[in-house]
Structures are given as C-alpha cells and as structure tokens.
Amino acid sequence: MALIEARGVTKVYETRGVRTDALRGVDLDVEAGEFTVLAGPSGSGKTTLLNLIGALDTPSAGTVCLDGADLSLPSAAQLADLRLHSLGFVFQAFNLIPVLSARENVEFVMDLQGVPARERRPRAISLLEEVGLGALADKRPMEMSGGQQQRVAVARAIAGKPQIVLADEPTANLDSASAAQLLDLMESLNRDRGVTFLFSTHDSRIIDRARRTVHLSDGLVVERASSRAA
Amino acid sequence: MRNGFLQRAGATLRAFVEPSTWRLAWRNVGRNGRRSAIVLCAAAVGVCGGLLTMAVSYGTALAMVETAIATELGHLQIHAQGFNDDPGLAHRLPQMSELGGDLAHDPAILAWAPRLRTEGLAYSSRASAGTRVVGVDPERESELSLLERSVIAGEYFGPKKRRAMLGADLAARLRVETGDKIVLSIQDKDGEMVSELFRVAGIFRTPLPELDQATIFVRLHELQPILGVVGEISETAIRADPKSDLPALANRVRAASGVGTEVHTWDQLRPILVFLVAFFEAQAGAMYGAVFIAMLFGIANVMLMAVVERIPEFGILGALGMPPARIGAMIVAESLMLSLLGLAVGIGLTFAVIALLGDGIDVSRFTMARAYGVGFRIVPALRFSDWTVPSIAAVATAIVASLAPVLRARRIRPAEALRHV
C-alpha cells in the first residue's frame, strides 16, 4: 500500500457563480521515501492537489488516503491533529512565525505535539545544526535571509517526524545559490534519513533532481516520469 | 450540537493553560507595539477615570454621612416615644447623669450628649429671624459634635451666664456680632410665650448650611427652666466607634433605655442620606459601566483588526497542526493581556492620583457641596469591591471582546488563508 493514495480526485471552486475545475479526476500514488515532483504550469492544479494531500482542503469528489487513512475526516480539529503528527510543510513564502526565533519555530510543532521542553529544545538545536543554522538559533525570521528562513522551515517541517513533507514551490523566492543549498539539504534528508518529499513546482532545478515527476495540466495528470534513478 | 460546543469549550480551556499559548500571545501583543500601547492607554485611562469617579462619589457619600453624624445626628439618638412624629416639647426624656445599664462602660460608645430642642424667634436690635433653639451640655457636646471646632468668631460659650452660640448665616441675618444682645422668644411646655435675653458668645460655621442658617445653641441648664422642663431633655445623641456593629449597639441602647423610648440610627433619622449615597453610587456605577462598554468595543475592534491582518498566519498555524481551539485560546489570551495590563496601569494611575490629592479636594467654594452637606473637603476613597469589580469586569470585557475575533479565526480554512500569503 502506497503512503499516499489519491483516487479520482476532483476539486471544483465556485466563486461568484464562476465554476473552476481545478482537478478533474486525478489518481496518484506516492510511496514512502520518494522524492517526487508535481510539475506543471500555473493553474494546472498542482498546489490544489498538494493542499488536498496535506489535509488543508477537502476534495469535491474522490478520495485521498494517507497511510491507508481517508483524509475526509469529520472535524477541523481532527484534520489539524493529522497534519500535526503525519505531515510537514514547506511553503513558498517560508511562513515562519515572525514572533518566534528560529529555535522556537522548530520547537513549535514539537510543542503542539506535547514533546516536553527538555527534549524538544536540544532536538531543535540539533535540527538547526543539521540544516547549517545552529549559530542563528536565536535569530528571528526577519533577521535572516530568504534561504536561511527556508532552511529553518525545512527543519520545522521534519521536527515533528512526519510521514511526508509537502513542499509548495520551495525555491520560488530564492536565488540560485540558496535554492541549490536547499535542494542539497532536502536530498540529503531524503537519502540519509528517509524523509519522503512531495514537491509542487515548475522550477526545473527541482524537477531535474526529482526521482519521479508527475506532470499536471488543466487539472489532469498528463505524464508520469522517473527522471533519475534512486 | 451541544456536545460539540462542550468539546470545543473544553479544548479551548485546555489550550488556555498551555504556557506556549501565553508566550505566543505575549509576543503577538508586542509585535504591534503602537497599537497595543494605544489600546492599553485607552483601557488604563478608562479604568482610572472610572475608579476616580467611584472614589470621589464614595468619598462624597462618606463626607455627607460623616458631616451629618459629626455635626448634629450622632450615630444614634434616644428619644421619647413619638418624638420623631411630633418633635416638640410634648415628648421629653428624663435627663441622666450617665447612660443607663451597661452602656456607661460600653466600648462602642465614644461620646454622648443630652439636648433639649425647641423653636422660636430671635430678635436683635436690627432684625429678627425664626430659629431652632437647642440646649446643650457644652462639655459633652464638645466631645460629641463639631460645634466647638466650628467656632469662627468669639468663644465656645465662655465662662459667663446666658451666652448663646449662633450659626454664621443666622448672625448675618440678625446683623449681630459677638458680645451683642439677642432676645429669644419661645413657648414653654404649657404654650406660654417667654422671652429671654442672651449675649452672643460665639459664631460658628459648620459644613451643614441648615445648622448655620437657623440654629442657636444655649446651655441646657439655662434653657430647661425657661421652658419649664427642669431635669428633662428632648434627646440623647450618641457617637459610636465607627468600627462597631451599629445595629447591635442600637439594640443594646434600646434594651437599656427602657419603655417609652425609641432609639434610631443615623440612617433611620435621615433616610435621604441613604438615598443620596445610593444615588451617588449608582451614578458612578453607570459611568463605570459606560467606560467598560467603550473599552469592550475598543478592544474588540483592535482584536478583530489583528485577526483580519493575520489571516495568512492563522492559516499557517492551522497547516502546522495548531488546533482551532488553541488558536482561539491564543486570541483570548492576547485580549486578556491587553485588558489586564490596562487595568494594572489604570489602578496604578488611580493610586498615584489619589496620593497626589493627599487630604482631599477642597470643595468649600462650591455652593452645591454645602447644599448637599458634603462639608469642606472630599477625600476620594475606594472600597475593596471598587477594586474587585473592575478586575472582574476587565476579564469579562476581554473575553467578550475576543469572541467575534475568535469566531472569525475559527472559520478560517488553512488552504484559503494560505492563498492570502
């Protein structure tokens, strides 16, 4: 059984009477340990699909299962709990909590999980050292560069030991050097720690490194390709 | 549905005790320092204004009661039965050298004084005026009331016989000064008119205008034979220890005074005072209520703005797995911090202002203050409830003010919120 199983997923938005079919019956499997990219132009439905897999939204039809569990759970609180324990997120705009330091941002998810302070603090420091930011642990997001913020976001995403990390255009706001550093980091986490990554991007720098690329266009999967050997 | 509400409320309460909820809330309060400072100042000024209003109102009420008790009423009065319905010479008590029973040694009684009351006309060589004539024991009266301390001209009775003390306004109406002669024309106990000559020993000004306008004090033992009531009085006034249990003391005095007498406390003798005290308190309470309603809308507005501004952030918190209940608890905590900080600063300001006012506000120039019998100074005073009520109100205000923002935040769906980023 795949870690992620999406079957016949459709998503329809209606805004002021205008209907938009963002996804039109998508099937997708993601296995544990994958480094997979959802690629496609803007409006192809890749972020929508990522949101549905991330339990941030619910499909209009079809099912999305995470490790066999249907994500159509009844309450917002239960969905939040599932995101907390099973999913990690890296966003395009970094989205660190501005009033918390780098360490506190990484600790935040563990705090929500109920990890005691004496455990989560050294773990946060260790994760920041792993992403090369041990010296910036006490800096707030606005005191760091975009690349540094995104690396903190990666540390935060894996701090809760999720089953999969979903990264939505993680390099879109980074320069080439920072993007390369970030991708090196993500690749090493995937390779060394077995962290599963699913990207949504049209950035060729990520697509080139992906082991599998799923192309979407107009809400449909149009091509599946394994671009690199595992 | 009810279970769902209870579950959400329980989850919010659990989230509320998480230290990280408060840490995040505290940082959020500090992130927009200017806006938080404005709300804090508004709350502080509101609380201070409200508390000072309460303090002045309570101080005014206290001053009215204190003035009435200290100048004329005493805390308790003993009369012959029926005196309050017909306060004339028909209802008299035997004069005692000491209070009866165990009252002579009752620690709750600080002073007592006998009085004989009647009404008549006072004549000077230049004018005449209707007047209340009160016979007093100067020494005992001095221990009981403000009369001796209120002398502004002449002396307190002095050593010579047939001396009278006149209120300042009455002296002005009669156009007399100390040493001048006046004639008192009064009815004795049988209704016969008698006229007696007195000299003005002293002129007094008390905080009670009606006393100054129409009262003449003479020695009790000189008035009794004029009225034909030797050994008899109209009332015994008692000043009690303010910390004592007045109703209990009244009961002891009643028991000791025996049949044919009635004992009244100051509030029974002057129910208007009770009404005025309640009126002042209600007035201050209404103003305080208005302050808190204004504070409620101010904080609610700020919190709502803070929520709308932070929609993407709430989306991120939700995406990271922060439960909606905890997001709600964080908003309530932010609102509580603003209110409680405002309350603390407001209370501090109030302390400072009251300390600056020192021995009170001089109201001697205000006719209204005299008319209400407030006296010459109002000392702002606060009771325990004056501190606790606003504290509870501040918490309630914060919670109510955060309800709309919390509901707004709970409706935010992470996917929609992230589109605002």
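When you look at B:Q283, is it surrounded by fewer than 22 Cβ atoms within 10 Å (Cβ to Cβ), away from chain A (no Cβ under 12 Å), in contact (Cβ under 8 Å) with a residue 24 or more places away in the chain and not small (G, A, S), yes or no? Answer is yes for this residue.
Among the residues making up segment B:204-239, those that are β-branched (V, I, T), out of contact with any Asp or Glu (no Cβ under 7 Å at 6 or more places or on another chain) and in contact (Cβ under 8 Å) with a residue 12 or more places away in the chain are B:T215, B:I216, B:V218, B:V229, B:I233, B:T236, B:I238.
Could you please give the count of residues in segment A:49-84 that are hydroxyl-bearing (S, T, Y) and out of contact with any Ser or Thr (no Cβ under 9 Å at 6 or more places or on another chain)? Of the residues in segment A:49-84, 1 are hydroxyl-bearing (S, T, Y) and out of contact with any Ser or Thr (no Cβ under 9 Å at 6 or more places or on another chain).
Residue-by-condition table, conditions (1) within 30 Å of A:P141 (Cβ to Cβ); (2) open to solvent by 10 Å² or more (accessible area, probe 1.4 Å); (3) touching a residue at least 24 places away in the same chain (Cβ under 8 Å):
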{"residue": "A:T15", "(1), (2), (3)": "no, yes, no"}
{"residue": "A:V18", "(1), (2), (3)": "no, yes, no"}
{"residue": "A:R24", "(1), (2), (3)": "no, yes, yes"}
{"residue": "A:D70", "(1), (2), (3)": "no, yes, no"}
{"residue": "A:A76", "(1), (2), (3)": "yes, yes, no"}
{"residue": "A:G88", "(1), (2), (3)": "yes, no, yes"}
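Quick grid of which residues meet (1) within 7 Å of chain B (Cβ to nearest Cβ); (2) farther than 23 Å from A:D175 by Cβ; (3) open to solvent by 40 Å² or more (accessible area, probe 1.4 Å):
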| position | (1), (2), (3) |
| --- | --- |
| A:L82 | no, yes, no |
| A:Q92 | no, no, yes |
| A:S101 | no, yes, no |
| A:E104 | no, yes, no |
| A:D111 | yes, yes, no |
| A:V115 | no, yes, no |
| A:R118 | no, yes, yes |
| A:E130 | no, no, yes |
| A:L133 | no, no, no |
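You will find that of B:R115, B:R149, the residue that is under 31 Å from the mean Cα position of the chain (by Cα) and touching a residue at least 60 places away in the same chain (Cβ under 8 Å) is B:R115 and no other. Against the numbered list (1) farther than 23 Å from A:I4 by Cα; (2) without any contact (Cβ under 8 Å) to a residue 24 or more places away in the chain; (3) open to solvent by 40 Å² or more (accessible area, probe 1.4 Å), A:A172 comes up short only at (2).
Please count how many residues of segment B:215-267 are in a loop (DSSP other than H, G, I, E, B), open to solvent by 10 Å² or more (accessible area, probe 1.4 Å) and among the β-branched types (V, I, T).
Total satisfying the criteria: 2.
B:H91 meets the conditions (1) assigned to a helix (DSSP H, G or I); (2) in contact with a strand residue (DSSP E or B) (Cβ under 6 Å, 6 or more places away or on another chain) in every case but one. The failed one is (1). Here is the figure for segment B:370-416: residues that are within 22 Å of the chain's Cα centre (by Cα), part of a loop (DSSP other than H, G, I, E, B) and not aliphatic (A, V, I, L, M) total 6.
Would you list the helices (runs of 4 or more DSSP H) that sit entirely within segment B:1-76 and hold 2 or more residues that are within 13 Å of chain A (Cβ to nearest Cβ), without any contact (Cβ under 8 Å) to a residue 12 or more places away in the chain and open to solvent by 20 Å² or more (accessible area, probe 1.4 Å)? Break it down into steps so the answer makes sense when it comes.
Values: elements: B:2-16, B:19-31, B:33-68.
Output list reads B:2-16, B:19-31.
The values are calculated or read from the model by the stated rules, or taken from the named source; none is laboratory data. If you're wondering where the values come from, they're calculated on a predicted model, not measured in any experiment. Reconstructed Cβ throughout: ideal geometry from the backbone, glycine too, with neighbour counts over all protein chains shown. To get the accessible areas, we keep the full protein, side chains included, count just its heavy atoms, and leave off ligands, DNA and RNA. Shrake-Rupley method; radii C 1.70, N 1.55, O 1.52, S 1.80 Å.
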